[in-house]
1. Give, rounded to the nearest 20 debye, the magnitude of the charge dipole that the chain has about its Cα centre when Lys and Arg contribute +1 at Cβ and Asp and Glu contribute -1 at Cβ.
2. For a label point 7 Å from the Cα of D389 along Cα→C-beta, name the residues of segment 353-371 whose backbone N is under 20 Å from it.
3. Order the following by accessible area, largest value first: S400, S148. Probe radius 1.4 Å; ligands, DNA and RNA are ignored.
4. Could you sort K172, K189, K368 by accessible area so the largest value comes first, with the probe set to 1.4 Å?
5. Keeping the other protein chains in place, figure out the carbon and sulfur percent of the accessible area of the chain, with a 1.4 Å probe.
6. Where does the chain land at 222 nm, in deg cm²/dmol rounded to the nearest 500, when only DSSP H runs of n ≥ 4 count, each adding -39500 (n - 2.57), divided by all residues?
7. Rounded to the nearest 0.05, what FRET efficiency is calculated for D366 and T136 with R0 set to 35 Å and r the Cβ-Cβ distance?
8. Label A373 and T52 with points 7 Å out from Cα along Cα→Cβ: what is the distance between them in nm?
Amino acid sequence: MPPMIAILSRHVLRFRPLVIEGLVVAAFVVGAQAHAQVAPATVSVSFGIDTTITDVGDVVRLVRAYLANPDSSARSRGLWSTATYFDRRVGDLTMEAYQGFPATIVGVRSDGPGDSVYVVRVLYASADSTSRRISTLALQRLYAVRESGAPFGFRLSGALPRLTREWEQRTKRRVTFWYAPGQHPNPAKISHASTFVDSVATLFQVPPPKHLDMYLGRSFEEVQRAIGLDFFPEASADRGRGGRALFGGIVLAGNPAIGEGYVHELAHVILGPTFPTRNRLFAEGVATWLGGSRGRTPQETYARLRQIQAAHPALTLRQVLNNDIPDAGAEEMTDAFYATGALVVDTVYWRAGITGLRALALLNNDSKVLLAALPAQLGLSGSDQCALDHWWRSEAARKSGVR
């Protein structure tokens, strides 16, 4: 039985762990909340868009007004629709597109018969001084819905409900699972994931979420398109099989081999709104401690860390925290970081319980701050870097069973 499942079962008697191959998986590193929202430097209109057409001109003006300040205040400004429960609760899921890149509105077209809904596509890209080298960040899809009283005759609306309305769905307890065409429910994994939610909330003494939605696709690209990002760079370390926790209680899962068992991301959406966190080591560490990483159980992530340590005898904890492992690729660095975080979380939990984890979570994200504070968190004497590195290697060996 994986260590974290044992902890959960000890604290929540009704939790029955299931042994399912590939039940747990890693998180995709980039999250919607990971980037500060920076309005586009400019907003242009592509050729082919005729703004002399009344509706098209109104939609373009709406998009310009929204992109001048793309945040939740759009509702109070009357720019974002509140007509549906989804738009009232969640709104814009494509916030990571707003990183200051110039925006070009490349499409405004009707979404079907009539003129009440338009599909809007916006390209975020920059060019060098010669305009020959183009760096593309995102191709975004929004919807403009005609609404009475709207400042421009239309309000913006999210893509997810429209693009998934035909997807098969299953609901168990607090979680609704949505299946892209070709994906099929797994009752055992559904049961495990739905129970996992209450178990984690009970362990961490936080209110359980009222409702969560998990969207399952053949790849991360497919579920990313469903939220309105027709293109966004993927992390190479995830090989197109990643996942992500979004605000609004939404999880994207793009690995069919894992399916509903993407509990690493469920941990993020359970704890994110209720357990204040200031550093990524804790955020990814606790999700790995609870739900494993890249299809590995927590113990298997420790074994993977032990492999990396053996391959890099001079590697230090400082280098891992700085994502600076010599001659290592993105996947290896991510594996080392997540497993290290889980090791730290596990040690702090058994030493100081949830109170200790709260203190760990509130440490500043700066690696220097973390390295200075970790000895006390882990019960080590002083701030001797060698002692910290020794703990890191010996603990990985002990917990993984790999010497």
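1. 920 debye
2. Counting only backbone N, you get 367-371.
3. Values: S400 15, S148 120 Å².
Solvent-accessible surface, decreasing: S148, S400.
4. Details: K172 80, K189 15, K368 150 Å².
Sorted descending by solvent-accessible area, the residues read K368, K172, K189.
5. Working: 8920 of 17190 Å².
Solvent-exposed carbon and sulfur of the chain make up 52 percent of the total.
6. Values: 14 runs with 160 residues, N = 403.
It lands at -12000 deg cm²/dmol.
7. Values: r = 31 Å, r/R0 = 0.89.
That pair, D366 with T136, gives E of 0.65.
8. Using points 7 Å along Cα→Cβ, the separation is 6.1 nm.
The values are calculated or read from the model by the stated rules, or taken from the named source; none is laboratory data. Quick caveat: nothing in here was measured; it's all calculated off a predicted structure. Note that each Cβ is placed from the backbone with ideal geometry, even for glycine, and that neighbours are counted across all protein chains shown. Keep in mind that these areas ignore ligands, DNA and RNA; they rest on the heavy atoms of the full protein, side chains included. Shrake-Rupley method; radii C 1.70, N 1.55, O 1.52, S 1.80 Å.
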